[in-house]
Structures are given as C-alpha cells and as structure tokens.
1. Hey, what's the chain come to in accessible area per residue, 1.4 Å probe, Å²?
2. If you wrap the chain's Cα atoms in a convex hull and average its projection over all directions, what's the area in nm²?
3. Would you list, by chain and number, the aspartates and glutamates whose Cα falls below 12 Å from the Cα of K344, excluding same-chain residues fewer than 8 positions away?
4. Whole-Hz ³J(HN,Hα) for each residue in the stretch 323-337, computed from phi via Karplus 6.51 cos²θ - 1.76 cosθ + 1.60 with θ = phi - 60°, x for glycine and proline: what do you get?
5. Between D270 and L215, what is 0.36 nm times their sequence separation minus the Cα-Cα distance? Round to one decimal in nm.
6. For the stretch 74-117 and the stretch 179-216, what is the separation of their Cα centres, given in Å?
7. Apply the Karplus parameterisation 6.51 cos²θ - 1.76 cosθ + 1.60, with θ equal to phi minus 60°, to every residue of the stretch 212-225 and state each ³J(HN,Hα) to the nearest whole Hz, in sequence, with x for glycine and proline.
8. Rounded to the nearest 5, what % of DSSP beta bridges with both residues in the chain are antiparallel?
Amino acid sequence: MTDKNQPFLRALAGETVSPPPIWLMRQAGRYLPEYREVRAGQPDFINFCLNPDAAAEVTLQPIRRYGFDASIVFADILLIPYGLGQKVWFEKGEGPKLEPLALEDIGLLSVERATEVLSPVSETIRKVRAGLPDTCSLIGFAGSPWTVATYMIEGGGSKDRFKARTLAWSQPAAFDALMDLLAEASAHYLKAQADAGANALKLFDSWAEGLPDPLFDRVIIRPTKLIIDRLREMGVDLPVIGFPRGAGPQAIRYARETGVQCLALDHGVDTGWAREAFPKDLVLQGQLDPAVLRAGGAMLDSEIDRLLSAWSGRPYVFNLGHGIHLETPPENVTRLIERVRNFKA
C-alpha cells in the first residue's frame, strides 16, 4: 500500500485529485441502523469507545456501505480528560457531562495515565486497518486543547464558554499550563494512533469561534503548534488536518502558523473569500452544510455542484462543514457520493 493507491493521501500531499476524495465527519454514527444495533449492546458510551471490537465495527460500517475514501476511528474528543483522570459520562438526551475542573487541581491529571487508559483506541486502529481496502485511508484524531478544556472547566457543553474564557484571562499562567498538559497528552495519544496504523491525523477545535485575537493566539494557535511540533519531535510525519470551527479570518493565521497540512472549513465560511484568502497550495476540506445533506433533493445537488466548482483546480477533500446529523437519511449520503464521484472538472 502506498500513498498513490489512496486518493485522500494524494490530496493531503498537495495533489489536485478529480473527482476529489470524500469522507464525512461523524460518518460512523446514529444515522445508520447498523450503528444503532451495535450501540444498543454497549453499557455506556465511554466503554463503547474503548471496546476495540465494537469501535472497529462501527468505524468500518460506513466504509462497507458507502466506500468512502477515508475512515476515521470511532472515538470521542472527551476521551482525553477521561484518560487524564477527570470524571466523564454521557447523559442520554443531554450529551457529555464532566465533573468541573478547578485550575488548582491540574496536578491531579496524569499524561501517563491517559496513555495507558486510551491504549484500546490503538487496538481499534489496528483492527480497522486490517479490515480496510487498500484504497481507503485511516484517520486518527483528538480534540484540540481549547475545545477539550472548555468541557473540562464548564462541566459539559456551553453556549459561549464564558467560564473558560474568564479563567483564561484571569489566571493566564494556570490556564496556559492546562493547555500545555492537554497538548502533551494529545501528542502522545496521536503518536500511539500513528504507530497503530493511522495514515493521517486530525485536530478538532469545535469551539474556536468568538475569541479575540490575543486569546485565539494563546488557546488555539499556540497549543495546536505545540502538538504538531511535539509529534514531529517524536518522529511522526503524518499529515495533520486542523478544524478551527468558526474561526473565520483568524483561520488564515491558524493555517500559516500551526503547521497543519490541511485546513477543514466549516459551512459558515464565505467561499469566495476563502478562495482568495488561502494559498493555492494549501489543502482545504469540507464546507458542505450538514442541514442540506439532511434536506436532500435538488438543493443538495446544487450545493455539491457549487462547492465542486469552487474548489476545482486545487487540492481539496470533499466533506461537511460539521458532523453529519443523526436524522440524515442514509440514501442522501449515497446521493452525495454518487454526485461527487461523477463530477467532471
């Protein structure tokens, strides 16, 4: 198996591939009946993510059904705080819950513990790698430090991350220490995924929006660069995709200063602006609104065509601007793939 066999890796290497490779964020998930069947047999979500047999099965399900060009290991961004020693659980109908972290308790968190606790994810990757076709790439991932920290501090999801932002301003030394700890834990976690057989890595900064420039530089750019620099120090040379969701024009600095090889765009990005703003050799990914995939029909076709035309002639990976919605009809995904793969530049 070489990069030349895999359209996704060719695109990440800077090649313009036509039609572009395609995968979807959250492509393994509740919109698929086969996923729901496996999930029903799991005691809780954390154990599901750390069960290599079950996690490998649901990672492979969308590849069998749709033949995507890349798979992404089934896991969750909140496995890092769980591994570090914070209490994490998932409430049905409410989402993730965490025992809120006080900055003075950072010393109780252990990178070594996280590396050991999260080792089943590496086993999942080995199992998935063995079950993938030679043309399909495998993506490992982690949540970026800022996004993970907001959950750790707020105790769950938050509308505006106000508590986390306040602590970042009021206790900068302690907050930056938390960023450094999360960056180190994430780098070790990603290296383990690379060693297990991942072909590319992705960092999800789902809450990158709404930050003034000085804070964006501190909590988004700096920790991301720390992770990538640390990976390179540890001998990991895989391409890294960065997803600073909602960053807007700040994504220009993010792409320039972090060391990512590919920038994932959310669906709120202005396409015309982005075409001019980013270097032509920067690999871009995404931008399709998950709501239009849920809606389907002629509007889906129109949006697919618009993005394919807009990003034609440069390295691009077709994807959503955020994760696939749980109510998305599976047949809409089939329609999406067929339209992308029949595209003529």
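The values are calculated or read from the model by the stated rules, or taken from the named source; none is laboratory data. Just so you know, these numbers come straight off a predicted model, no measurement behind them. Glycine gets a Cβ as well: all are built from the backbone with ideal geometry, and neighbour counts include every protein chain shown. The protein model used for the area step is the full one, side chains on, heavy atoms only, and it has no ligands, DNA or RNA in it. Shrake-Rupley method; radii C 1.70, N 1.55, O 1.52, S 1.80 Å.
1. Numbers: 13930 Å² over 345 residues.
For the chain, the solvent-accessible area averages 40 Å² per residue.
2. Numbers: hull surface 62.7 nm².
Over all viewing directions, the chain projects a mean Cα-hull area of 15.7 nm².
3. D305
4. x, 4, 6, 5, 8, 5, x, x, 5, 5, 5, 4, 4, 4, 5
5. On the way: separation 55, 0.36 × 55 = 19.80 nm, distance 2.32 nm.
Length gained, D270 through L215: 17.5 nm.
6. Result: 15 Å between the Cα centres.
7. Running phi through 6.51 cos²θ - 1.76 cosθ + 1.60 with θ = phi - 60° gives x, 3, x, 6, 4, 5, 6, 9, 10, 5, 4, x, 5, 4 Hz.
8. Working: 5 of 28 bridges.
Antiparallel bridges make up about 20 percent of those DSSP assigns within the chain.
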